[in-house]
Amino acid sequence: MIEFETFTLDNGLRVIHHYDSLKSSAVLNILYNVGARDESKDKTGFAHLFEHLMFGGSENIPEYDGPLQEAGGQNNAFTTNDLTNYYIQVPVENIETAFWLESDRMKKLNFSQKSLDVQIGVVIEEFKQRYLNQPYGQAFMHIRSNAYKKHPYQWPTIGKEIAHIEEAKLADVVGFFAKFYVPNNAIACVAGNVSLERTKELFNKWFSDISAGGVNKNKYPQEEKQTQPRRFIAPQANSQKAIYLAFHSCSRKDKAFYTLDLISDILSNGKNSVFYRKLVDEENIFTNIDAYVGEELDPSLFYISGKIAANITVEKAESSLWNVIETFKSTAPSESDLARRKNKLITARKYQETDLLNKAMALCMAENMGNINLVNTEADYYNLVSVDDIKAQSNNILTKENCTTVVYDKVTQ
Amino acid sequence: MIKSLNRSIAPPQQTISLPNFKVHPVIKTFGVDTLHVPLLDDVARFDIVFKTGVLEQPFIGALECIQALFLAGTENKKEEDILDELDMLGAYYGCDFNLNTTTFTLYSTPQLIYKAAPIFIDAILNATFPEEKLKLFKDRKKASLQSNLEKTTYLAKTKCNNLFYKTPILKEQLSSQNYDNISREALLNYHQNHLKQNVSIYYSGNYKGFSDDVIGELSKISCNTTNATLLPQIEKLRPNNHEHLNKADAIQTSIRAKSVGLGRKHIDYPKLQLSNAVFGGFFGSLLMKNIREDKGLTYGISSSLSAEELFGTINIQGDIKSNYIDIVFESISTELKALHNGTFEKGLFEKAKNYLLGNIAKSFDETFAILDKSKLVYLQNLSETYHHAYFEAIKACSLHEMIETAQAYLNFESFIFVTCGPET
């Protein structure tokens, strides 16, 4: 159970307070309602590039990281397709430093061409490191660009191509900040040994004079129902053959998400999962195989990915995989199998609730989904999932016409 | 609204202090060295540690096999039954190893862990490593190796380790032959006669359900904790300490470097942590400032310390823009000189120190912090006051002492450098 209080500043900044008297550090987490889905088609990767620029100093604080390091704190950020999240963890006695830093950069970022030029270079190296210089590194780019034809989920947060990052202009940076980095488009959470009164005092002191702006309405072109299988072949010279399946599924906010999450666990979590037992252990078709559900706020994807054993063709692997999927759809898991998965999920959630930063982020995410109480009620939703739900959802989602397949096959040298 | 707020002035900052804590003692419980830490959170952890690790492996890959197959079945129970039983108890599990220890960890809730522990212990102690499971493991490792050989990071790291260590068992694998050579008999022999020794257990949780019935089997394991801690042997440094591996199709160049550091017990270890932090140990370090923030040549480059009781290494790692290797080498050398001469940005020393102190203090907020810190004291033969002394030593370290330590241990010529990427 994560206890919390909420209040909203006059400028629209939503604030969450979580008190934990046992921790010596405190967290200030700020979530901005802007992600890669808010980019235009020809300027992809911008939300993530902008995240980098947020560390380049602000109007009154030329260097962001230094003062925090002096206060014994740490920070980082991440961008997803839906949101951008910034966090600071600092010894509780120095928590005001976090307020000072975060409020000043929300008030006015220090825009500079030099900072933009350097961060363009850094992000391009990140692009190469994570996506281009790795076997299978572009798999999810291929999946997204084939599975989505209208929705901006068709590109990853790093961007569609390096050229988009290279072409970013300072004017774009200024416009993006003015449009999205406003208090009424953000959610803040303080977690730790900081009283509610002190929290209110600090937010009033540091954030209340920041002007409100427009709120991101989160309207995006919706994807039409996929009715035919889609396929992309990605040639690969030396690495192991691999196959990726992606099925259109549901939003993270949809109740069906909990069923799909459990389906992914039953199919692939551990050596006693359906896929491992049949396709790895028994038939030696794959050396490893996973299933996982995307957590985006608009309708997301359900993924299956496997590395194919050396002497097995892609065709054989694919047909064997589909045989197991079809069998799973027609014969639902046993009650005990479902119970085992639920028990593991409950343990995992209890572990997540022991970490201060995890709690702060979970609270902001739940609030951003429109219902902060989800942090405490999601375990119940998992418990309510029945064997019949598993069967219905797997039959609904795991179909060939709803599937985008990406295959890594060896090319002849 | 407070209109007179002066945002250019930082709020006052307080000195970072260590939370109150006490290392818990290891005591004999049910005939086994045991460390128990009560916990307020609704989670529990149970570790079984054998005081033997990579250095005592009879063949390369032995502990990787143990790690992958320790729940693969016993004479009386199949793998799927063991896993199903543990899952029903909401348990997670794992095996980890380092130079001198091997640890099996079980996570669950305080209410269920005492039920999961006997299943876990039985599976570990009586593992039979079925031939078909071993074959699957070998096939998987060989396939994974095939992918790894495409990665500049893997190639650079492996080559760097192989050039650095002289001890044959620490030479990393670049051939699937090593996996083919592993036999079930050799694995069983290692498990029965060598791995299961000098056992100790560590558990944390608010349930006192552990009893002789739960952990009694462990008391039958021989204990001879007087064994000296083994140390790896290091190759002699060569005049040319840089080797490049050509990978023409690579998009970036990976750089990995290693030199001898200090063991945790060495009096200079805390000061070396501070020197390393200034050099490349945090976001504001000399390496990150120069190569990422000023030049934009990498997403990240860092240096880090790895330390056991009596042995440690200093490691540099990063993935860089391929045509700029020479500039990156020059930058590393320049920043080491700046570190030795004290010619770096005013204030960096205090930032690095406070970053480290804040990081240590924060580590006590972790759920199993007291368990882990007490365990470290026991397994690495440290003093009960080690953690306090470590914190205070960093706090007390002067700029002059930090520079002297860097001059003694952080030298460009002491590193073995390996780069992997296209020829430039």
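The values are calculated or read from the model by the stated rules, or taken from the named source; none is laboratory data. Here the structure is a predicted model, which means the values were calculated and not measured. Because the Cβ atoms are built from the backbone with ideal geometry, glycine has one as well, and the counts that use them run over all protein chains shown.
On inspection, A:Ala366 fails the criterion of being in a helix (DSSP H, G or I), within 14 Å of chain B (Cβ to nearest Cβ), hydrophobic (A, V, I, L, M, F, W, C) and buried (at least 20 other Cβ atoms within 10 Å of the Cβ).
Tallying residues that are over 24 Å from A:Phe176 (Cβ atoms) and under 29 Å from the mean Cα position of the chain (by Cα) within the range A:201-239 yields 16.
Can we say A:Lys41 is under 22 Å from the mean Cα position of the chain (by Cα) and of a type in the set (Lys, Arg)? Yes: the conditions hold for A:Lys41. Has the range A:78-101 got at least one residue that is of a type in the set (Gly, Ala, Ser), closer than 19 Å to A:Phe177 by Cα and either in contact with a strand residue (DSSP E or B) (Cβ under 9 Å, 6 or more places away or on another chain) or within 12 Å of chain B (Cβ to nearest Cβ) (or both)? Looking for residues that are of a type in the set (Gly, Ala, Ser), closer than 19 Å to A:Phe177 by Cα and either in contact with a strand residue (DSSP E or B) (Cβ under 9 Å, 6 or more places away or on another chain) or within 12 Å of chain B (Cβ to nearest Cβ) (or both), one finds none in the range A:78-101, hence no. Listed by first and then second residue, the pairs linking a residue in the range A:29-56 that is free of Cβ contacts under 8 Å to residues at least 24 places away in the same chain and within 19 Å of A:Ser112 (Cα to Cα) to a residue that is of a type outside the set (D, E, K, R) and part of a helix (DSSP H, G or I), with Cβ atoms under 9 Å apart and 6 or more places separating them unless they lie on different chains, are A:Phe55/A:Ser115; A:Phe55/A:Gln119.
Of everything in the range B:72-97 that is more than 17 Å from B:Phe137 (Cβ to Cβ) and buried (at least 21 other Cβ atoms within 10 Å of the Cβ), the residue that is farthest from the other protein chains (Cβ to nearest Cβ) is B:Leu86. For the criterion of being within 24 Å of the chain's Cα centre (by Cα), over 26 Å from A:Asp281 (Cα atoms), within 11 Å of another protein chain (Cβ to nearest Cβ) and touching a residue at least 60 places away in the same chain (Cβ under 8 Å), B:Thr153 passes. If I filter the range A:111-136 down to residues being charged (D, E, K, R) and either farther than 15 Å from B:Asp249 by Cα or more than 7 Å from chain B (Cβ to nearest Cβ) (or both), which single residue comes out as surrounded by the most Cβ atoms within 10 Å (Cβ to Cβ)? It comes out as A:Glu125. Residue count for the range A:217-258 satisfying the condition of being small (Gly, Ala, Ser) and in a loop (DSSP other than H, G, I, E, B): 4.
Between B:Ile301, B:Ile325, B:Ile316, the distinction of being surrounded by fewer than 22 Cβ atoms within 10 Å (Cβ to Cβ), under 19 Å from the mean Cα position of the chain (by Cα) and β-branched (Val, Ile, Thr) belongs to B:Ile316 only. Apart from one condition, A:Ile158 fits all of (1) touching a Gly at 6+ places or on another chain (Cβ under 7 Å); (2) in a helix (DSSP H, G or I); (3) within 30 Å of A:Met369 (Cα to Cα); (4) within 12 Å of chain B (Cβ to nearest Cβ); the exception is (2).
Residue-level analysis places A:Leu101 among those that are hydrophobic (A, V, I, L, M, F, W, C), in a helix (DSSP H, G or I) and without any contact (Cβ under 8 Å) to a residue 60 or more places away in the chain.
As for the range B:352-364, it holds at least one residue that is within 14 Å of another protein chain (Cβ to nearest Cβ), assigned to a loop (DSSP other than H, G, I, E, B) and within 21 Å of B:Tyr202 (Cα to Cα). Is it the case that B:Glu235 is under 30 Å from B:Ser414 (Cβ atoms), surrounded by fewer than 14 Cβ atoms within 10 Å (Cβ to Cβ), touching a strand residue (DSSP E or B) at 6+ places or on another chain (Cβ under 8 Å) and acidic (Asp, Glu)? It is true that B:Glu235 is under 30 Å from B:Ser414 (Cβ atoms), surrounded by fewer than 14 Cβ atoms within 10 Å (Cβ to Cβ), touching a strand residue (DSSP E or B) at 6+ places or on another chain (Cβ under 8 Å) and acidic (Asp, Glu).
When the residues of the range A:370-387 are filtered to those that are under 18 Å from A:Val15 (Cβ atoms) and loosely packed, with under 15 Cβ neighbours inside 10 Å, the one that is farthest from the other protein chains (Cβ to nearest Cβ) is A:Gly370. For the range B:340-351, how many residues meet the condition of being at pLDDT 95 or above and either more than 7 Å from chain A (Cβ to nearest Cβ) or not in a helix (DSSP H, G or I) (or both)? Qualifying residue count for the region: 7.
You will find that of B:Lys115, B:Lys138, B:Lys142, the residue that is in contact with a Ser or Thr (Cβ under 6 Å, 6 or more places away or on another chain) and of a type in the set (D, E, K, R) is B:Lys142 and no other. When the range B:37-46 is examined, which residues are found to be of a type outside the set (Val, Ile, Thr) and buried (at least 20 other Cβ atoms within 10 Å of the Cβ)? Result: B:Leu39, B:Ala44, B:Arg45, B:Phe46. Just checking, does the range A:179-186 include any residue being among the aromatic types (Phe, Trp, Tyr) and without any contact (Cβ under 8 Å) to a residue 60 or more places away in the chain? Taking every residue of the range A:179-186 in turn, none turns out to be among the aromatic types (Phe, Trp, Tyr) and without any contact (Cβ under 8 Å) to a residue 60 or more places away in the chain. Within the range B:56-92, the residues that satisfy the criterion of being of a type in the set (Phe, Trp, Tyr) and either in contact with a Gly (Cβ under 9 Å, 6 or more places away or on another chain) or over 21 Å from B:Val43 (Cβ atoms) (or both) are B:Phe59, B:Phe70.
Taking the conditions (1) outside any strand (DSSP E or B); (2) out of contact with any Cys (no Cβ under 9 Å at 6 or more places or on another chain) in turn, A:Lys307 satisfies each one other than (1). Exactly one residue out of B:Thr101, B:Thr15 is β-branched (Val, Ile, Thr) and either at positive phi or surrounded by fewer than 18 Cβ atoms within 10 Å (Cβ to Cβ) (or both), and it is B:Thr15.
The requirement of being within 14 Å of chain B (Cβ to nearest Cβ), basic (Lys, Arg), under 25 Å from the mean Cα position of the chain (by Cα) and surrounded by fewer than 22 Cβ atoms within 10 Å (Cβ to Cβ) is not satisfied by A:Lys271. Out of all the residues in the range A:321-350, which are surrounded by fewer than 18 Cβ atoms within 10 Å (Cβ to Cβ) and over 23 Å from B:Tyr107 (Cα atoms)? Matches in the range A:321-350: A:Trp322, A:Asn323, A:Glu326, A:Thr327, A:Ser330, A:Thr331, A:Ser334, A:Glu335. Taking the range B:110-201 and the helices (runs of 4 or more DSSP H) fully enclosed by it, the elements with 1 or more residues that are at pLDDT below 95 and under 30 Å from A:Arg340 (Cα atoms) are at B:113-125, B:131-148. Assess whether B:Thr101 counts as being more than 27 Å from the chain's Cα centre (by Cα), away from every other protein chain (no Cβ under 14 Å) and not charged (D, E, K, R). No; evaluated as a whole, the condition is false for this residue. Of the residues in the range B:50-71, at least one is in a strand (DSSP E or B) and either away from chain A (no Cβ under 14 Å) or touching a helix residue (DSSP H, G or I) at 6+ places or on another chain (Cβ under 8 Å) (or both). Report, by residue number, each residue of the range A:35-58 that is at pLDDT 95 or above and more than 20 Å from A:Val122 (Cβ to Cβ). Across the range A:35-58, the qualifying residues are A:Arg37, A:Asp38.
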